[in-house]
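Taking it in order: structure first as C-alpha cells, then the write-up.
The values are calculated or read from the model by the stated rules, or taken from the named source; none is laboratory data. Note that the coordinates shown come from a computational prediction; the quantities given were computed from them, not determined experimentally. Positions of Cβ are generated from backbone atoms using ideal geometry, with glycine treated the same way; all protein chains shown enter the neighbour counts.
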Amino acid sequence: MRVSKKTDYAFRALFTLVDHFGRGPIPIRELARRNDVPKKFLEQIMLALKKRGWVDSLSGLRGGYQLAKAPDKITMGEVVRYFDGILAPIECVSISGYKRCSQEPVCRFRRVFLDARNYVTSLMDHATLADVSKGAPVSKPEVFAPGLMGGDGI
C-alpha cells in the first residue's frame, strides 16, 4: 500500500488539529507552515476534509480550521479510502476497486495479497486519530531494523 501526497498532507494537518483539539481553530497559513505543506494544496485538502465532515472552518481574525469530530471518531482507514480509494495492494483482492484477473482460478500468490489487505485494513480501521496521536514518532533505527533489510523497495 502506498498513500498519495494528498493523503499524507491530510494526515499531517489532521494530527496537528488533534494536538490542538478543543483549543480553537488554527489558521491555514499556520497549518501549512507547521506541516511543510504548500498552502494552496492544503487549502484544497482542507476543503475536502470539511466536505467529509471531519473539520470545520471559522472565518475572521481568529479563524482557521479545527476538528469537527472527536479524534476517536475518525480512523486512518477512512482517511486513506476518502483520498486514495482503496487499501488493497492489488485490484483482484479489492472489494470496491475489484478487477478480475485472468489468473484468478490458478493464482497462488494472490492469497498473500489478500492476507496483506485484511491485515492492513484491520490495522487502519482500528487506528483512530486519538489512539495514533498518543504514540511516539518512528525513529530511524526502527525503519532500518536489520531483520527487515533483506529486500529492496521495502
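Things to note:
- Any hit, segment 125-133, residues being without any contact (Cβ under 8 Å) to a residue 40 or more places away in the chain and surrounded by fewer than 17 Cβ atoms within 10 Å (Cβ to Cβ): no
- Segment 100-130, subset of a type in the set (Ser, Thr, Tyr) and in a helix (DSSP H, G or I), residue farthest from Gly77 (Cα to Cα): Tyr119
- Counting the residues of segment 95-122 that are touching a residue at least 24 places away in the same chain (Cβ under 8 Å) and out of contact with any helix residue (DSSP H, G or I) (no Cβ under 6 Å at 6 or more places or on another chain) gives 3.
- Contact map, segment 30-41: residues that are under 15 Å from Asp19 (Cβ atoms) paired with residues that are among the polar types (S, T, N, Q), Cβ distance under 7 Å, separation 6+ or inter-chain. Pairs shown: Leu31/Thr16; Arg34/Thr16; Asn35/Thr16.
- Checklist (1) touching a residue at least 12 places away in the same chain (Cβ under 8 Å); (2) touching a strand residue (DSSP E or B) at 6+ places or on another chain (Cβ under 9 Å) applied to Leu87, failing item: (2)
- One residue stands out in segment 82-93 among those that are assigned to a helix (DSSP H, G or I) and at pLDDT below 95: the one that is farthest from Arg108 (Cα to Cα), namely Asp84.
- For segment 28-54, residues that are surrounded by 14 or more Cβ atoms within 10 Å (Cβ to Cβ) and assigned to a loop (DSSP other than H, G, I, E, B) total 2.
- Scanning segment 55-80 for residues that are part of a loop (DSSP other than H, G, I, E, B), surrounded by 15 or more Cβ atoms within 10 Å (Cβ to Cβ) and either touching a helix residue (DSSP H, G or I) at 6+ places or on another chain (Cβ under 7 Å) or hydroxyl-bearing (Ser, Thr, Tyr) (or both) returns a single hit, Ile74.
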